[in-house]
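Visitor: Once you've had a glance at the structure underneath, I'll fire off some questions.
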Amino acid sequence: MSTFNLSKKDLFVPITIDENDLFDGVRKLLRVIRPTWSTDEIKFKVFTDGITNKLVGCQLNTSTNNEEDIVLVRIYGNKTDLLIDRKAEIRNIKTLNVKGMAPQVYGVFENGLAYQYYPGNTLNVDSVLDPKVWPLVAQQMAKMHKVELGKEVLKEPFVWDKIEQFLNLLPEPFSTTSKQNRFVNSFGSITKLRIDFERLKSHLTKTESPIVFAHNDLLLGNVIYNKDEERISFIDYEYATYNYQAYDIANHFNEFVGLSIESIDYNRYPSREFQLSWIKVYLMEFLNGAQVSENYIEKIYKEVEELSLASHFLWGVWSLVQFEHSDIDFDFGRYAEIRLNRYYDLLDKVITELS
């Protein structure tokens, strides 16, 4: 259990914003965190990148406004508190903000938070390969991996407890016959998933990958590129905590294929050559400019290949939890099939190399 609590300096607003009446709820929030703003002059933009939360950009509709005046309001998805430690999330954002690596939190409410806007564009399957962009991503991840949270936070890998938590949230049976039948046809049983998990864990806990403070969810929409300042920023720290170094890298590479179910293409998965170049840039930053040997780069590459299995398994089971609980218009059942099928496709090859 987290020992972190909101301090007296944190602004808590005791309201709940209804997903079906976003603007009215956001206006009530802004009256507290932006009391000088006239509610009649506020313009809103709903962002559509996320699949579990609602995100609303707020700005005064005046000619003198600039991007620094924008407030982002994130409304948590239905029952996502089952999956995420919200107090830890706020702690992480505040810790990283002090280091210039995360946005400022303006306020917290019952089912979300308001925070600083980062100007720029989220990455996509093309820009993530841009030679002007990907080295900045590698360096930013390395900087994050050098952050220390404090002695009160256990320095243990997040992935195993998180998968266990997700497995415990799977219903037996699912709430509707159609969901249950689809689950059985695609995955067999929860018992089978648990057996697969224990086998995976027994292999991958042998990894020598160091434990670092990791983002753990660096999908392309969580990476902002500011072209004018040539700067990369990460957002959305819902799953940030200590984990294997190679997991964070592997999880990012797994997102190169896209998120939209209709457009996911594993031909976009980064090549071995690209990964080795990316890892070299990452290590030079992580090791504070030291030169790194080809053997060391190869070692990290192998660890990334191994931990990519854990990434697929985690988000596959996560998607099954969302399949049961989420009200978002997204085919979580299909996404679970994609991620877990990819896991099974790669399993024999990676485990054979591990043995």
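The values are calculated or read from the model by the stated rules, or taken from the named source; none is laboratory data. It should be emphasised that the depicted structure is a prediction, and the values quoted were computed from it without experimental measurement. Please note: Cβ atoms are built from the backbone with ideal geometry, for glycine as well, and neighbour counts cover all protein chains shown. In case anyone asks, the SASA skips ligands and DNA or RNA and just uses the protein heavy atoms, side chains included. Shrake-Rupley method; radii C 1.70, N 1.55, O 1.52, S 1.80 Å.
Visitor: Taking R0 as 45 Å, what FRET efficiency do you get between GLN139 and THR191 from their Cβ-Cβ distance, rounded to the nearest 0.05? Show your work: numbers first, answer last.
Guide: On the way: r = 43 Å, r/R0 = 0.97.
Efficiency at R0 = 45 Å is approximately 0.55.
Visitor: Moving on to the next point. I'd like to compare 343-349, 301-307: which one has the highest average count of other Cβ atoms within 10 Å, and what's the full order after that? Show your work: numbers first, answer last.
Guide: Values: 343-349: 14.1, 301-307: 21.4.
Packing proxy ranking, top to bottom: 301-307, 343-349.
Visitor: Just how far, in whole angstrom, is the stretch 261-335 from the stretch 24-61 if you go by their alpha carbon centroids?
Guide: About 33 Å separates the Cα centre of the stretch 24-61 from the one of the stretch 261-335.
Visitor: A further question follows. Over the stretch 133-238, calculate the relative contact order: mean separation of alpha carbon pairs under 8 Å at least 6 apart, over the residue count, as a percent.
Guide: Values: 52 pairs, mean separation 42.5, N = 106.
Across the stretch 133-238, relative contact order equals 40 percent.
Visitor: Continuing with the same structure: At 1.4 Å probe size, with no ligands or nucleic acids counted, give the accessible surface of ILE190 in Å², nearest ten.
Guide: So the heavy atoms of ILE190 present about 10 Å² to solvent.
Visitor: What is the distance, in nm, between label points placed 7 Å from the Cα along the Cα-to-Cβ direction at LYS79 and at GLN291?
Guide: It is 5.6 nm.
Visitor: If I model a spin label as a point 7 Å beyond the Cα along the Cα-Cβ vector, how far apart are those points for THR36 and ILE70 in nm?
Guide: 2.1
Visitor: Further question: Quick one: which of LYS45/LYS162; LYS206/LYS299; LYS143/LYS299 span more than 22 angstrom between C-alpha atoms? Intermediate values should be presented prior to the final figure.
Guide: Values: LYS45/LYS162 33 Å; LYS206/LYS299 14 Å; LYS143/LYS299 20 Å.
Check vs 22 Å cut-off fails for LYS45/LYS162.
Visitor: Please sort 161-170, 269-278 by packing, taking for each peptide the average over its residues of neighbouring beta carbons within 10 angstrom, highest first.
Guide: Working: 161-170: 16.8, 269-278: 14.6.
Top to bottom by mean Cβ count within 10 Å: 161-170, 269-278.
Visitor: Antiparallel versus total DSSP beta bridges in the chain: what percent is that, nearest 5?
Guide: Numbers: 30 of 32 bridges.
In the chain, DSSP labels about 95 percent of beta bridges as antiparallel.
Visitor: Let me ask something additional. Given the -39500 (n - 2.57) contribution per DSSP H run of 4+ residues, what per-residue ellipticity at 222 nm results for the chain, rounded to the nearest 500 deg cm²/dmol?
Guide: Values: 10 runs with 155 residues, N = 355.
After summing the helix terms and dividing by residue count, I get -14500 deg cm²/dmol.
Visitor: For the chain, what does the alpha-carbon gyration tensor say about shape, rounded, prolate or oblate, given a ≥ b ≥ c as the root eigenvalues, a/c under 1.5 as rounded, and a/b over b/c as prolate?
Guide: Numbers: a/c = 1.72, a/b = 1.26, b/c = 1.37.
It comes out oblate by the Cα gyration axes.
Visitor: Give me the percent relative contact order of the stretch 245-346, please, defined on Cα pairs under 8 angstrom at least 6 residues apart. Provide the component values of the computation, followed by the final result.
Guide: Numbers: 82 pairs, mean separation 29.3, N = 102.
Once normalised by length, the contact order is 29 percent.
Visitor: Which entries in LYS94/LYS151; LYS280/LYS302; LYS87/LYS201; LYS99/LYS132; LYS201/LYS302 show an alpha-carbon gap greater than 19 Å? Don't skip to the end; give the middle numbers.
Guide: On the way: LYS94/LYS151 16 Å; LYS280/LYS302 13 Å; LYS87/LYS201 28 Å; LYS99/LYS132 24 Å; LYS201/LYS302 17 Å.
Over 19 Å apart, Cα to Cα: LYS87/LYS201; LYS99/LYS132.
Visitor: Still on this structure, please answer the following. For the stretch 244-355, taking Cα atoms only, what is the radius of gyration to one decimal and the Dmax to the nearest whole Å?
Guide: Looking at the stretch 244-355, its Cα Rg and Dmax stand at 15.7, 49 Å.
Visitor: What FRET efficiency, computed as 1/(1 + (r/R0)^6) with R0 = 35 Å and r the Cβ-Cβ distance, is obtained for LEU346 and PHE44, rounded to the nearest 0.05?
Guide: On the way: r = 42 Å, r/R0 = 1.21.
After rounding, the FRET efficiency stands at 0.25.
Visitor: For the stretch 63-206, what class follows from the C-alpha gyration tensor (a ≥ b ≥ c being the square roots of its eigenvalues): rounded when a/c is under 1.5, otherwise prolate if a/b is larger than b/c, else oblate? Write down the numbers at each step before the final one.
Guide: Working: a/c = 1.82, a/b = 1.59, b/c = 1.15.
Prolate is the answer for the stretch 63-206, as a/c is 1.5 or above and a/b outweighs b/c.
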